[in-house]
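The values are calculated or read from the model by the stated rules, or taken from the named source; none is laboratory data. Just so you know, these numbers come straight off a predicted model, no measurement behind them. Cβ placement follows ideal geometry from the backbone for every residue including glycine, while neighbour counts extend to all protein chains displayed. Calculation scope for accessible area: heavy atoms of the full protein, side chains included, ligands and nucleic acids excluded. Shrake-Rupley method; radii C 1.70, N 1.55, O 1.52, S 1.80 Å.
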Amino acid sequence: MWRNVAVIGVGQTKHGRRRDVNVAEMISEAAWRAIEDAELAPEDIDAIAIGNMQGFGGVCQAELWSGDMFGAPGKPLLRIATGGTTGGSVAQCAIYQVASGLFDVVLAIGFEKHSDSKEPGATMGLAHVGLANLFHLLECGVDMRTSFAWGGGVGAAAGVSAYQAANYMHRSGCGVEHLDMVAAKSRSNAAKNEYAHLQWPNCTPDDIANHPRYGKFAAYPLRFGHICPASDGASAIIVASEEFARSAERPAWVRGLAACADEENQMAENAQGVAVVDSSEQIQCKVAALKAYRMAGIKNPKKEIDVAEIYQPFPHQELIYSERLLLFDDGKAWIALEEGETQIDGRLPIDPSGGVLSTNAIGSSAMQRVAECALQIMGKAGEHQVPKDVKNAVAHGWGGSTNFTVVTVLGDTPRLRR
Amino acid sequence: MAKEEKRKETLTVEGDWPIGSYVYKAPPLYKELLACYKEKKLIGSLCTGCGMVYVPLRNICGRCWRKIDTRVGVSDIGTVTGFTISPEIRKGEVKVMGIDPVEAGWLEEGERLIMVYVKFDGANSNYTTILMNAKPEEVHIGMRVRAVWKDEPEGKLSDLQGVEPVKQLQHTT
């Protein structure tokens, strides 16, 4: 049995290239905004959880020294890193702490500052997580051509995702034009979100496909225009117990949450070998979704979920994960996309904020999914508020290689007790 | 997209980066694997718990979390289960770890590299490698391919150079 928990405040910085602040100042901005949004004072915060993608910023490791920039002195501070899922894991950590009865108000922060290193993400981040897996094979006489295959030619997550896109297209029957449609939807939604990075008002699929630069293939079937940016940014939420949340105007209640890992779908050590299941299957997401929906008392997610925020740095992932979150039948998400069901004013809006495709400050990305769902429920999303009453929203994150999933279900009423 | 910011060179440190001498070494079972590569053979490890065959070798089964010590031979013919294709890569366009892959001779000028997942017959896992002797428009999921070995293998991972379409091989033999 756990206590009811709600998100009562959300804070985001403008995401993009933030040369005007350092890492700690940027985190501080998001933390302040969340505390102000919750109408609390810093001393009301009992504990803090924070996280980013380890090593990708390239410099500083700010979470190790900047506690006093976000109100942590004298308080318990936890740092969490699970790759892309980090922000979602940090949010869930804060939820655990309040649900358990340990604390009443916890601040959860996700951040990333890519622009401090010369090649965002790549120089330090990939050297850190990727190349060490290659170097030790040099003594086995690995050749560089094959190692390109392990990286999919363009490196790491983008490389793995290119295979994943080809697999999804093969099993669902969708084409590259559907990836253009997702990318265009994301960019034009981002134009309505003041905190988003790549904003392109009224972007159409043709704008992406026929663009001299973005229309080119980075690694077939992914075009340059299909790839997320490397952003700077931080986002934060305030998670509070029922007692605190009751005084908030319209809190976003946490109705269910789950995390699940499936290592069988990824290339393992040395980037090869274990991919037993193809990486577009994402069974762990289905398992996490089923668990979270059961906890939330949601029996028919297709009807009961009003809006979804999916972690989709590459467009096919919006399609895969919307199916795995049981919002569409297997292999049918692209048909709903064609019919406009997933637009902001559609039947089931997906990523009205523009999603990760338009803004990717990695540690902040999965946190923003939870934050955006909360904003939609609170009715505070502004220009990208979906034009309907939002009762249930689902926030998703993927990370690790292609193996981790976090799912958090928020709603306008507290979780039912059974 | 974001404009490239001009960065001032503040400090340059000269030195060596002995990347071949990392303390984290390849697992000992790679010796076993490479001995087979020298004979142009593929082997896999069979989990007696769930029947999974992993190629290349692995000593713990992820599915049932038990040790694997059984080896089985695996066909060098297999099926493409996933793919991606690089754009034409030209000198001065891409850098990997600060090295230009065309200048270093890893890729040919203007080459489009076709990268594939292959499930060799008798294996359950996918091997990631290069598709050779095929045009980008020919590659598809379900394509039958055969391993391409170096003429004189030396017991190195690079002995397995990639795979090529089976059909073409039948015509030439």
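Could you figure out which of (1) over 27 Å from B:Arg144 (Cα atoms); (2) within 12 Å of another protein chain (Cβ to nearest Cβ) isn't true of B:Lys38?
In the conditions (1) over 27 Å from B:Arg144 (Cα atoms); (2) within 12 Å of another protein chain (Cβ to nearest Cβ), B:Lys38 misses (1) alone.
Give segment B:70-100 a look and list any residue that's in contact with a strand residue (DSSP E or B) (Cβ under 9 Å, 6 or more places away or on another chain), open to solvent by less than 60 Å² (accessible area, probe 1.4 Å) and farther than 30 Å from B:Ile43 by Cα, or say none.
Selection gives B:Pro87, B:Ile89.
Within segment A:123-175, which residues are at the interface with chain B (Cβ under 8 Å from one of its Cβ atoms), more than 17 Å from A:Ile227 (Cα to Cα) and modelled with pLDDT under 65?
Once the filter is applied, which keeps residues that are at the interface with chain B (Cβ under 8 Å from one of its Cβ atoms), more than 17 Å from A:Ile227 (Cα to Cα) and modelled with pLDDT under 65, segment A:123-175 yields A:Ala127, A:Leu131, A:Ala132.
Pick out the one residue from B:Gly62, B:Gly92, B:Gly73 that is over 28 Å from A:Asp262 (Cα atoms) and small (Gly, Ala, Ser). Break it down into steps so the answer makes sense when it comes.
On the way: B:Gly62 fails: over 28 Å from A:Asp262 (Cα atoms); B:Gly73 fails: over 28 Å from A:Asp262 (Cα atoms).
Within the list B:Gly62, B:Gly92, B:Gly73, the selection yields B:Gly92.
So, of the residues in segment B:113-143 that are surrounded by fewer than 19 Cβ atoms within 10 Å (Cβ to Cβ) and facing chain A (nearest Cβ under 9 Å), which turns out to be farthest from A:Lys216 (Cα to Cα)?
B:Gly142
Limited to segment A:182-223, what total is found for residues that are closer than 22 Å to A:Ile320 by Cα and under 20 Å from the mean Cα position of the chain (by Cα)?
Matching residues across segment A:182-223 total 10.
Just the residues that are of a type outside the set (D, E, K, R) and more than 10 Å from every other protein chain (Cβ to nearest Cβ), please, taken from segment B:81-108.
Looking only at segment B:81-108, we keep the residues that are of a type outside the set (D, E, K, R), and these are B:81-87, B:89, B:92, B:94, B:96-99, B:101-102, B:104-107.
Hits for segment B:81-108 are B:Gly92, B:Val102.
Anything in segment A:3-31 that is in a helix (DSSP H, G or I) and touching a Leu at 6+ places or on another chain (Cβ under 8 Å)? List them, or say none.
Narrowing segment A:3-31 to residues in a helix (DSSP H, G or I): A:23-31.
Of everything in segment A:3-31, just one residue is in a helix (DSSP H, G or I) and touching a Leu at 6+ places or on another chain (Cβ under 8 Å), namely A:Ala31.
Filter segment B:144-173 down to residues that are touching a residue at least 60 places away in the same chain (Cβ under 8 Å) and assigned to a loop (DSSP other than H, G, I, E, B) and give me whichever is farthest from the other protein chains (Cβ to nearest Cβ).
From segment B:144-173, those touching a residue at least 60 places away in the same chain (Cβ under 8 Å) are B:144-147, B:149, B:153-157, B:159-160, B:163, B:166; that's our starting set.
Narrowing further to those that are assigned to a loop (DSSP other than H, G, I, E, B): B:153-156.
Numbers: B:Pro153: 10, B:Glu154: 7, B:Gly155: 8, B:Lys156: 3 Å.
Filtering segment B:144-173 for residues that are touching a residue at least 60 places away in the same chain (Cβ under 8 Å) and assigned to a loop (DSSP other than H, G, I, E, B), the one farthest from the other protein chains (Cβ to nearest Cβ) comes out as B:Pro153.
What helices (runs of 4 or more DSSP H), lying completely within segment A:170-262, carry at least 3 residues that are touching a strand residue (DSSP E or B) at 6+ places or on another chain (Cβ under 9 Å) and more than 27 Å from A:Ala91 (Cα to Cα)? If you could, list the steps in order and put the result at the bottom.
On the way: elements: A:176-190, A:205-209, A:242-245.
By residue number, A:176-190.
Residues checked against (1) within 24 Å of A:Gly141 (Cα to Cα); (2) surrounded by 13 or more Cβ atoms within 10 Å (Cβ to Cβ); (3) out of contact with any strand residue (DSSP E or B) (no Cβ under 7 Å at 6 or more places or on another chain); (4) β-branched (Val, Ile, Thr):
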| position | (1), (2), (3), (4) |
| --- | --- |
| B:Leu11 | no, no, yes, no |
| B:Cys36 | yes, yes, no, no |
| B:Ser45 | yes, yes, no, no |
| B:Lys67 | no, no, no, no |
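Report yes if A:Glu39 is open to solvent by 50 Å² or more (accessible area, probe 1.4 Å), over 23 Å from A:Val394 (Cβ atoms), outside any helix (DSSP H, G or I) and among the charged types (D, E, K, R), otherwise no. Even if it seems obvious, please write down each step before you answer.
Details: open to solvent by 50 Å² or more (accessible area, probe 1.4 Å): yes; over 23 Å from A:Val394 (Cβ atoms): yes; outside any helix (DSSP H, G or I): yes; among the charged types (D, E, K, R): yes.
Here the answer is yes, as A:Glu39 does meet what is asked.
Please go through segment A:269-294 and give me each residue that is open to solvent by 10 Å² or more (accessible area, probe 1.4 Å) and modelled with pLDDT of 95 or more, ordered by number.
Across segment A:269-294, the qualifying residues are A:Lys286, A:Val287, A:Leu290, A:Lys291, A:Arg294.
Kindly indicate the residue of segment A:22-33 that is in contact (Cβ under 8 Å) with a residue 40 or more places away in the chain and of a type in the set (A, V, I, L, M, F, W, C) and also surrounded by the most Cβ atoms within 10 Å (Cβ to Cβ) among those meeting that condition.
Among those that are in contact (Cβ under 8 Å) with a residue 40 or more places away in the chain and of a type in the set (A, V, I, L, M, F, W, C), it is A:Ile27.
I'd like the residue in segment B:34-49 that is of a type in the set (A, V, I, L, M, F, W, C) and under 12 Å from B:Ala147 (Cβ atoms) and, out of all such residues, is farthest from the chain's Cα centre (by Cα).
Going through segment B:34-49, the residues of a type in the set (A, V, I, L, M, F, W, C) turn out to be B:34-36, B:42-43, B:46-47.
Retained after the next criterion (residues that are under 12 Å from B:Ala147 (Cβ atoms)): B:36, B:42.
Details: B:Cys36: 16, B:Leu42: 13 Å.
Of everything passing the filter in segment B:34-49, B:Cys36 is farthest from the chain's Cα centre (by Cα).
Looking only at segment A:42-72, how many residues end up being in a loop (DSSP other than H, G, I, E, B) and at pLDDT 95 or above? Before the answer, list the steps.
As a first pass, look at segment A:42-72 and keep what is in a loop (DSSP other than H, G, I, E, B): A:45-46, A:52-61, A:65-66, A:70-72.
Going one step further and asking which of them are at pLDDT 95 or above, we end up with A:45-46.
Number of matching residues: 2.
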